[in-house]
Structures are given as C-alpha cells and as structure tokens.
C-alpha cells in the first residue's frame with residue numbers, strides 16, 4: 001500500500017476534525033445523558049415532569065427546553081414521568097418576570113385551574129407577545145399539595161447557541177489557512193538567493 005500524499009492526509013484530517021467537532025453536540029441533545037440528568041426534567045416533590053416547548057411558526061421541526069428563540073404562538077407540553085400523576089389534580093400558573101425599582105416582580109400571563117390529565121400530559125398553547133423570562137408554578141395534589149417551579153425564556157437567545165458553530169468556523173478556517181500555506185510552500189520552487 002502506498003502512503004497518502006500530504007494533500008490527501010490533510011483532507012482526511014479536515015474530515016475527521018469536522019466529525020469530532022460536529023458529532024458531540026448532536027449527541028448532547030436533552031443533556032446527552034439519561035433521563036435523570038435531563039435538563040428539561042423537573043420535580044414537584046416525589047413527582048417528575050418533562051418540559052417541551054414548540055414554536056410552529058418559528059421552526060416547526062424543533063423542540064425546545066428552556067429557551068424559546070422567538071415570541072408568538074408557543075405550545076408547551078408537560079409530560080408526566082410518574083403514572084400516579086394521572087389521577088392527581090394539577091394546576092399551572094405561568095408568570096412573566098420583570099425587574100422594577102423595588103426588585104423582582106411577576107405578573108400572571110396564564111392560569112390553568114386544577115384538573116386531572118389521564119393522558120399523562122398537560123399541554124397548553126399561548127401567544128407570548130413579549131420577550132422575557134417566565135416562571136411556571138405547578139401545583140400537584142388534593143390535600144397534600146406539592147409545588148414545582150420551572151423557568152424558561154421566550155424570545156431571548158443565549159450566546160451558547162452560537163458557540164459550537166463559531167468554534168467550528170474558526171478551527172476550519174485556521175486549518176484551511178495552514179493547509180494552504182504548507183501546500184504553497186511545497187509547490188513553489190526553491191529560488192537560490
């Protein structure tokens with residue numbers, strides 16, 4: 001077997017680097033670990049829920065966990081991870097957080113009265129008309145009520161979304177420049193001085 005030329009070795013290196021950079025973020029969806037470490041999961045006492053948000057007008061194929069990139073029509077699904085919850089009443093309030101001179105303030109933007117959900121999912125649709133941070137308060141049970149608090153953002157994108165593409169562009173640009181310089185040196189004839 002003949003050894004690969006330098007340009008072919010560099011080309012294979014680019015492919016492997018691209019795969020190494022792109023594959024890990026794809027496998028990290030929903031935290032990249034078991035359901036116990038899922039970032040979209042939260043607890044109300046002994047009960048567990050899974051938060052999923054959808055924005056059909058913005059990007060219908062994508063589900064979101066804690067940050068929804070756009071304002072507007074949003075569908076939120078809270079899946080029950082414990083079967084016992086199907087028989088218990090669940091109440092939900094969504095509040096928008098706002099800062100005032102006197103500290104943090106919250107106004108209720110949505111309230112769903114207590115009801116049982118035999119399907120194992122509580123879902124709602126709401127038009128979030130302004131960007132900001134929101135807090136959900138979930139109350140579970142009849143006599144012994146348990147509460148959970150979960151936070152999410154609407155119309156606010158963190159810069160973490162741009163980290164991997166930026167790293168990829170900088171790394172590939174740097175490698176392409178290195179490859180070009182090395183290849184040019186090999187192609188140019190040595191001129192005695």
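The table for this structure:
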{"read-out": "Odd one out for residue 138 among (1) at pLDDT 95 or above; (2) surrounded by 14 or more Cβ atoms within 10 Å (Cβ to Cβ); (3) farther than 19 Å from residue 55 by Cα", "value": "(1)"}
{"read-out": "Candidate set: the range 49-91, residues that are within 15 Å of residue 151 (Cα to Cα) and not in a strand (DSSP E or B); chosen: the one farthest from the chain's Cα centre (by Cα)", "value": "69"}
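The values are calculated or read from the model by the stated rules, or taken from the named source; none is laboratory data. As the structure is a prediction and not an experimental result, all values here were calculated from the model. Heads up, the Cβs are rebuilt from the backbone with ideal geometry, glycines too, and the neighbour counts pull from every protein chain shown.
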